Amino acid sequence: MLNIMIPMAGENKFFPEGEFVYPKPLIEINGEMMIQHVIENLQKIDDDVVFTFVVNNSDCAKFHLDNTLNLLTDGKCNIVKVTGETKGAICSCLLGIDNIDNNDQLIIANMDQVINADLRDCVKKLSQFDAGVIAFESTHPRWSYVRQDENNMVVETAEKRPISKSAIAGFYYFKHGKDFVKAAMRTIEKDASLNGMFYTSATLNELVLDNKNIGLVHIENKDYVTFYTPRKVKEYESRLICN
């Protein structure tokens, strides 16, 4: 079985509540909700996928987001409801610890992106390692980055700081979910945060210290689609319409 965790709780500063009727996951892109595009993209990885969504309780109470997620996954999901803000993706993910602290494979993915590469093949390649990421080429400080050694193994990550041209495409693979949990706990214990927020990329540094093998799969920039801002959403919608 493959567990896929998608942290969705937290503030979306580029999609302020006053300007959008529905929360970001429910914004429509060419007739389908953003989160529907994301789920359908990730379902291509494996035939036996169970999702865990960490969501804002208010979005469930007001917009029935939990019902929507259950329907989109045919009930193959766990929903963790969060009241208030967390201190970043790591903290959000740990709220669903009961679903991922095990030997099963775990993927942690952003809720606002689509990867148009062969994800099944990407994960097959990453499964040769203890953990890994999908990356694309960039040097913009909005992303998290990895540095590789002469054997192309990941030896360091940095959040919002380019240490290479390999930017993480919001996609993290762990051969065993329990390895992520252990690394996440240590990240918090060390207060390895950025501006008070704990990012998933920091867990890989802990795995490096544990002598884990961390791999990387590069994709073409054109195959990484982010819904980071309303402008990016419109660009993707225009592309779908043209096709």
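Short version: ³J(HN,Hα) in whole Hz for each residue of the range 34-47, in order, from phi by Karplus 6.51 cos²θ - 1.76 cosθ + 1.60 (θ = phi - 60°), x for Gly and Pro, what are they?
Working through the residues one at a time gives 3, 5, 5, 4, 5, 4, 4, 5, 6, 5, 6, 5, 7, 7 Hz.
Can you tally the net charge around residue 129? Count Lys and Arg as +1, Asp and Glu as -1, for every other residue whose Cβ sits under 14 Å from the Cβ of residue 129.
0
Around residue 161, what is the net charge, scoring Lys/Arg as +1 and Asp/Glu as -1 over all other residues with Cβ under 12 Å from its Cβ?
Residues near residue 161 contribute +1 overall.
List the pairs from 165/212; 13/81; 62/232; 87/124; 175/234 whose alpha-carbon separation is above 30 Å, in the order I gave them.
Numbers: 165/212 22 Å; 13/81 20 Å; 62/232 26 Å; 87/124 32 Å; 175/234 35 Å.
Beyond 30 Å: 87/124; 175/234.
Under a Cβ-Cβ cut-off of 14 Å, what is the net charge of the residues other than residue 73 that fall near it, where Lys and Arg count +1 and Asp and Glu count -1?
-4
Order these by the 10 Å Cβ neighbour count, fewest first: 52, 203, 83.
Starting with the residue having the fewest Cβ neighbours, the order is 83, 52, 203.
To the nearest 10 degrees, how steeply does helix 177-189 sit against the main Cα axis of the chain, on a 0 to 90 scale?
Helix 177-189 and the main axis of the chain meet at about 80 degrees.
I'd like the Kirkwood hydrodynamic radius of the chain, using the inverse of the mean 1/r over distinct C-alpha pairs, in Å.
18.1 Å
Please list, ordered by chain and number, the residues whose modelled amide H lies under 5 Å from the amide H of residue 113; skip anything fewer than 5 residues away on the same chain.
227
Going Cα to Cα from residue 24, which aspartates and glutamates come in below 20 Å? Please leave out same-chain ones fewer than 8 positions away.
Of all the aspartates and glutamates, those that pass the test against residue 24 - Cα under 20 Å, at least 8 places apart if same chain - are 11, 32, 40, 59, 66, 85, 112, 235, 237.
For a footprinting-style exposure proxy, rank 94, 204, 240 by other Cβ within 10 Å, fewest first.
In increasing order of surrounding Cβ atoms, one gets 240, 94, 204.
How many nm is it between the label spots at residue 210 and residue 127, if each spot is 7 Å from the Cα in line with the beta carbon?
Using points 7 Å along Cα→Cβ, the separation is 2.0 nm.
Share of antiparallel DSSP beta bridges in the chain, in percent to the nearest 5?
Approximately 50 percent, going by the DSSP bridge assignments.
Taking the 0 to 90 degree range and rounding to the nearest ten, how far is the long axis of helix 230-242 tilted relative to the main principal axis of the chain, both from C-alpha atoms?
Tilt relative to the chain: about 80 degrees.
What do you get when you divide the Cα radius of gyration of the range 1-64 by 2.2 N^0.38 Å, with N the number of residues? The partial results should precede the final answer.
Details: Rg = 13.0 Å, N = 64, 2.2 N^0.38 = 10.7 Å.
In units of the globular-protein estimate, the range 1-64 measures up at 1.22.
Hey, fewest Cβ within 10 Å first, where do 164, 144 land in order?
164, 144
Rounded to the nearest 20 Debye, what is the dipole magnitude of the chain about its Cα centre when Lys and Arg each give +1 and Asp and Glu each give -1 at the C-beta?
Working: 26 positive and 34 negative charges, 97 e Å.
Charge dipole, the chain, about its Cα centre: 460 debye, nearest 20.
Under 12 Å between alpha carbons, and skipping anything fewer than 8 positions from residue 182 in its own chain: which aspartates and glutamates qualify?
101, 206, 210
Give the calculated FRET efficiency between residue 155 and residue 195 to the nearest 0.05, with a Förster radius of 22 Å applied to their Cβ-Cβ distance. Mind showing how you got there, number by number?
Details: r = 24 Å, r/R0 = 1.10.
For R0 = 22 Å, the calculated efficiency reads 0.35.
Quick one: the Cα spread of the range 91-176 along its three principal axes, in angstroms, biggest first?
Largest first, the range 91-176 extends 36, 27, 26 Å along its Cα principal axes.
Going Cα to Cα from residue 44, which aspartates and glutamates come in below 13 Å? Please leave out same-chain ones fewer than 8 positions away.
Correct list for residue 44: 118, 121.
Please give the direction-averaged projected area of the C-alpha convex hull for the range 125-171, in square nanometres with one decimal.
Average of the hull's projected areas for the range 125-171 equals 3.2 nm².
Where a number appears in this text, it was derived from the coordinates with a stated rule and is not lab data. Treat the numbers as computed from the prediction; the structure is a model and nothing was measured. As a convention, Cβ positions derive from the backbone with ideal geometry for all residues, glycine included, and neighbour counts pool all protein chains shown.
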